[in-house]
2 protein chains.
Amino acid sequence: MKRKVHVQGSRDDIRVPFAEVELSGDNPPVRLYDTSGPLNDPPTGLPPLRAPWIAERGVERTQLYYARQGIVTPEMEFAAIREGVEPSVVREEIAAGRAILPNNVNHPESEPMVIGSRFLVKVNANIGTSAVSSGVQEEVAKLTWATRWGADTVMDLSTGKHIHATREAIVRNSPVPIGTVPIYQALEKVGGDPLKLTWEAYRDTIVEQAEQGVDYMTVHAGVLLRYVPMTVGRVTGIVSRGGSIMAAWCLARHEENFLYTHFAELCEIFARYDVAFSLGDGLRPGSIADANDEAQLAELRTLGELTKIAWEHDVQVMIEGPGHVPMHKIKENVDLQKEWCHEAPFYTLGPLTTDVAPAYDHITSAIGAAMIAMYGTAMLCYVTPKEHLGLPNRDDVKAGVIAYKIAAHAADLAKGHPGAQAWDDALSKARFEFRWEDQFNLAMDPDTARAYHDETLPAQPAKTAHFCSMCGPKFCSMKISQDLHEYAALGMEAKSAEFASSGGQVYLPVVS
Amino acid sequence: MKRKVHVQGSRDDIRVPFAEVELSGDNPPVRLYDTSGPLNDPPTGLPPLRAPWIAERGVERTQLYYARQGIVTPEMEFAAIREGVEPSVVREEIAAGRAILPNNVNHPESEPMVIGSRFLVKVNANIGTSAVSSGVQEEVAKLTWATRWGADTVMDLSTGKHIHATREAIVRNSPVPIGTVPIYQALEKVGGDPLKLTWEAYRDTIVEQAEQGVDYMTVHAGVLLRYVPMTVGRVTGIVSRGGSIMAAWCLARHEENFLYTHFAELCEIFARYDVAFSLGDGLRPGSIADANDEAQLAELRTLGELTKIAWEHDVQVMIEGPGHVPMHKIKENVDLQKEWCHEAPFYTLGPLTTDVAPAYDHITSAIGAAMIAMYGTAMLCYVTPKEHLGLPNRDDVKAGVIAYKIAAHAADLAKGHPGAQAWDDALSKARFEFRWEDQFNLAMDPDTARAYHDETLPAQPAKTAHFCSMCGPKFCSMKISQDLHEYAALGMEAKSAEFASSGGQVYLPVVS
């Protein structure tokens, strides 16, 4: 069975959650990273876990400030225990700008986590109401569902009415950092007309969201006026909503992007709440044809310039990346981002490795996501099967999160993250020893694994059977292999005679 | 709409099928590779397309023989037209052993296709009855279903009763090459006891299957006695059914694998029918822990040795590969296979890039499959969501085929296969221009893409709407981007004033 356990830190109120899977026999339990938070049904707000730590510090500074001062905060220690590393490693990575710990002082309900390429690869799930669909309760349910399956952060991309109320319900019930794209609400405030957008309307929106507790915000400050014409020859132009809004504004006024010109003021607001920047890639490619083009790369250079300004204000930064990129152009994205953005964490949307499979873009993009994470991307923004087609429902959220947890874990393995392979080894050992229940409990999605097994072999005895439905009782290769294992371990030549004389019983019961 | 068209070759009876997608407006139609074969419902046997070509040649030789003689057969020309290359390229690649054209003379119903790293990446779907489940009609339905969604070859892995009858129904109704693993039936013939297996029983099975028209056969001739102990320290031992059967045989008798010792005789039989070898990787890793280990690589070297022997007999060869491999160890598999197996086509099962997600192994393995194909694997054996858990049903077959067609196409793009990106570009252009019906028709799975769109915006007008459900009519970034495109194309500065004076109408109707 899987159950939640807590590991105590250096003080009583640092209690770090894990999902512990108990295994049969004398197999040691396996502890897995856990994002599900405290149980909270119905959702009436989570306990303010971090409130005492925030209160103790008095005047609030950012985690980047403390890290640079050599101070390990309770948040850093909490995140370090989750990662299985020394707290000093978390502090060092944050101080160097290579990692962020998104944690608005007004979101004390969140369980601290760290995003950086030296740590486990993280997954973000997007939710949110839109003008044509969805409601507040539904979105809170999606939040809980997403974190249950492993979402490390959730972005509320609500548009339309009830943006404030939806966000309030989400932040108060979220055990993970919440991100937003404030330009959506700012646009609502000016009646939906990009040309009426002003710095003041945007600033007020930022303050409103920071007051609510949003932990990181996507800011499309790199969409510069002179970059907009670079998108004209593209197959799919500008596909980022925020990017296209800012491009329309710049173009209509023939003025520089106000997010760029007011960036230092933005930093001052962000620093007051410890909101982290997610510097948006408003000019990301929306098709294979547009990958790694001039517009995308020009914006990336500007994001690197803005990163340095944010760091001067002790504000944490991550950099958003594409999008749609064929496999052979993926590595270049990471290499350039590292170089130009001074190793700030990279946060990519996929990328999709082909455009031809709408309805399966969780798969087209899981391929790209796994690869880009292997090369160093710190967090992956999920893509659901509904991408390009409609709004994700509950099933789509789960499909997207699972596909991305697979991509993230595959990258953790490829990067040799300490402890990552222990999970695979435990599951494979259970599989080899026909410990079906252990195999299900260790699976990323125990419910579906069990259900699929039941479809072919529903009876309870099949759960303890030393074979499976693919080969049946006579042919099972795992079973034969186990027997070989026993015989070979005893000395091949001596045992081969005994093996044959026993009547070729390769199907002897195995003690596992 | 999508419809089947045929391209005429150099003679009247070379008529190569394509799926042609007609697009709206003045957009040219897009022709896609088509594996679905002639419609045949109910399945009463397909027309013997290749019968005249086989009859004309009189004494039958293999495609490898003809290619080496400088002869372009009708089969080679047919395959070349499908690939969009010159027939001489197909001939040269086959002659060099870098490609195979599996086409048993007794399977004249098959539409010729070529497997090699210079050509489009191919996908195999496994079907077949087992001891505990499934029937003949069901398996023929799976065959038709698999080729409808793009399976390039199908392997009949039936075990249990009715093996012969199942295979007969499959071969007679298959427009794609059929592969088998004859050891399964040979084992049935000796009562299911590996120790009773003999070369004679195996040989008779090979002849029986070759007579029926099986196009390629997996032969585990590389599982040598001395390699078996190398698997003892593994987490998951031997996971190949054929590999474990041969290992049990070798171990019990302390004799060398009879498939290895009789390999030349096997070649003589294969040559008579032009059956191709799929040299099986009986010692492939079954877990991340076991990837690229001594046992796997020792067998691979032996497969290279056997490749040369097969080529001496003019028999076509491909090499099977893993299995379970973490991302950072994938490339080594291709590099060693190319070197040790003299560039014979590589045919891999995935590989799965993590063990922890049973029920999602079509995704864990699509990641590895896309990567290994990018590095040069010629054909990918699909993995369905039921892998490790149960037998794939119709839905699982489709899920597996689609995931693998995505992986294969992503690799075609990454390898820069001529024409591959035209499909992506056509779909992305349709997406950018809100040609919803064109987008659906170009999708790998039009049915599901249309259904997902209908879930959020079911009304017919939504199919012609210049926005989608993600952003709604006001926010749509594609729409804004299109307007920008129009303005920017006319000269930025001059137009920005006009743009603003028009009342900021960024949502003008667009003529697409």
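The values are calculated or read from the model by the stated rules, or taken from the named source; none is laboratory data. All of these numbers come straight from a predicted model, not from anything done at the bench. Here the Cβ is made from the backbone with ideal geometry for all residues, glycine too, and neighbour counts use every protein chain on show. Calculation scope for accessible area: heavy atoms of the full protein, side chains included, ligands and nucleic acids excluded. Shrake-Rupley method; radii C 1.70, N 1.55, O 1.52, S 1.80 Å.
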**OP:** Compute the length gained on full extension between A:ASP395 and A:ARG148: take 0.36 nm times their separation in residues and subtract their Cα-Cα distance, giving the result in nm to one decimal.
**Re:** 87.6 nm
**OP:** Just report the Cα centroid separation between the stretch A:309-362 and the stretch A:118-194, whole Å.
**Re:** 21
Original post:
For labels at A:GLU20 and B:ARG301 in the simple 7 Å Cα→Cβ model, what's the distance in nm?
Top reply: 4.7
Original post:
For the stretch B:1-127, how big is Rg over Rh, using alpha carbon atoms and the Kirkwood form of Rh?
Top reply: 0.98
Subject >> Rg/Rh for chain B, where both radii come from Cα atoms and Rh is the Kirkwood radius >> reply: 1.03
**OP:** Could you work out, residue by residue across B:251-263, how many beta carbons of other chains sit within 10 Å of that residue's beta carbon, and then give the average as an integer?
**Re:** 3
Original post:
If you take the Cα atoms of the stretch A:59-170, find Rg, then find the Kirkwood Rh from the mean of 1/r over all pairs, what is Rg/Rh?
Top reply: 1.04
**OP:** Using the 7 Å Cα-to-Cβ label point, sort the distances from B:GLU294 to its equivalents in the other copies shortest first and give them in nm to one decimal.
**Re:** 5.8
Original post:
Per 10 Å bin, what percent of the C-alpha pairs of the stretch B:178-246 does each bin hold, from zero upward?
Top reply: 19, 47, 27, 6, 0
**OP:** In whole Hz, with x marking every Gly and Pro, tabulate ³J(HN,Hα) for the stretch A:258-265 from phi via Karplus 6.51 cos²θ - 1.76 cosθ + 1.60, θ = phi - 60°.
**Re:** 5, 6, 6, 6, 9, 4, 5, 5
Subject >> Summed buried accessible area for A+B [probe radius 1.4 Å, Å², rounded to 100] >> reply: 9700
Original post:
If one takes the longest principal axis of the Cα atoms in chain A, at what angle in degrees, from 0 to 90 and to the nearest 10, does the Cα axis of helix A:492-501 lie?
Top reply: 60
Original post:
Going by alpha carbons, how many degrees (0 to 90, nearest 10) lie between the helix axis of B:477-489 and the longest principal axis of chain B?
Top reply: 60
Original post:
Which value in nm describes the separation of the simple spin-label points at A:ASP13 and B:GLN137, placed 7 Å from the Cα toward the beta carbon?
Top reply: 6.9
**OP:** State, in angstrom, two size descriptors of the stretch B:207-249 derived from its alpha carbons: Rg to one decimal place and Dmax to the nearest whole number.
**Re:** 13.5, 41
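Using r as the Cβ-Cβ distance of B:ALA264 and B:HIS162, and R0 as 25 Å, what FRET efficiency do you calculate, to the nearest 0.05?
0.15
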Original post:
With r defined as the distance between the Cβ atoms of B:GLU312 and B:ASN27 and R0 fixed at 60 Å, what FRET efficiency is calculated, to the nearest 0.05?
Top reply: 0.70
Original post:
What is the projected area of the convex hull of the Cα atoms of the stretch A:166-280, averaged over all directions, in nm²?
Top reply: 7.4
Subject >> Distances in nm from B:ALA422 to the matching label points in the other copies, shortest first (labels 7 Å along Cα to Cβ) >> reply: 5.4
**OP:** Could you pull the Rg and Dmax for the stretch B:258-405, using just the Cα atoms, both in Å?
**Re:** 15.7, 45
Subject >> Set A:LYS338/B:LYS415; B:LYS122/B:LYS405; A:LYS405/B:LYS405; A:LYS142/B:LYS398; A:LYS338/B:LYS331; A:LYS415/B:LYS122 screened for pairs whose C-alpha atoms are more than 18 Å apart >> reply: A:LYS338/B:LYS415; A:LYS405/B:LYS405; A:LYS142/B:LYS398; A:LYS338/B:LYS331; A:LYS415/B:LYS122
Original post:
So how strong a dipole does the stretch B:376-465 carry about its Cα centre when Lys and Arg Cβ are +1 and Asp and Glu Cβ are -1, to the nearest 20 debye?
Top reply: 120
**OP:** Take every DSSP beta bridge with both residues inside the protein assembly as shown and express the antiparallel ones as a percent of the total, to the nearest 5.
**Re:** 35
Subject >> For chain A, accessible area per residue (1.4 Å probe, heavy atoms of protein chains only), Å² >> reply: 32
**OP:** Within 10 Å, count the other beta carbons around each residue, average over each peptide in B:361-370, B:322-331, and list them highest first.
**Re:** B:361-370, B:322-331
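Using the crude model of +1 on Lys and Arg Cβ and -1 on Asp and Glu Cβ, and no other charge, please compute the dipole size for the protein assembly as shown relative to its Cα centre, in debye to 20.
Magnitude of the dipole: close to 440 debye.
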Original post:
Of A:ASN104, B:TYR66, B:PRO42, which is farthest on the positive side of the dipole of the protein assembly as shown, counting Cα position, with +1 on Lys and Arg Cβ, -1 on Asp and Glu Cβ, and the Cα centre as origin?
Top reply: B:PRO42
**OP:** Take every Cα-Cα distance within the protein assembly as shown, group them into 10 Å bins from 0 onward, and report for each bin the whole-number percent of pairs it holds.
**Re:** 2, 11, 20, 23, 18, 13, 8, 3, 0, 0
**OP:** Determine the share of the stretch B:129-220's accessible area contributed by carbon and sulfur atoms, expressed in whole percent, with a 1.4 angstrom probe.
**Re:** 54
Subject >> Positive-pole candidate from A:PRO345, A:VAL397, A:LEU197, dipole of chain A, charges at beta carbon >> reply: A:VAL397
Subject >> Cβ charges +1 (Lys, Arg) and -1 (Asp, Glu), total dipole of chain B, debye >> reply: 400
Subject >> Label point 7 Å beyond Cα along the C-beta direction, distances from B:MET1 to other copies (nm, shortest first) >> reply: 5.9
**OP:** Please report, to one decimal in angstroms, the Kirkwood hydrodynamic radius of the stretch B:319-359 built from all distinct Cα-Cα pairs.
**Re:** 10.8
**OP:** For the stretch A:47-115, just run the numbers: alpha carbon Rg, then divide by 2.2 N^0.38 Å, N being how many residues it has.
**Re:** 1.00
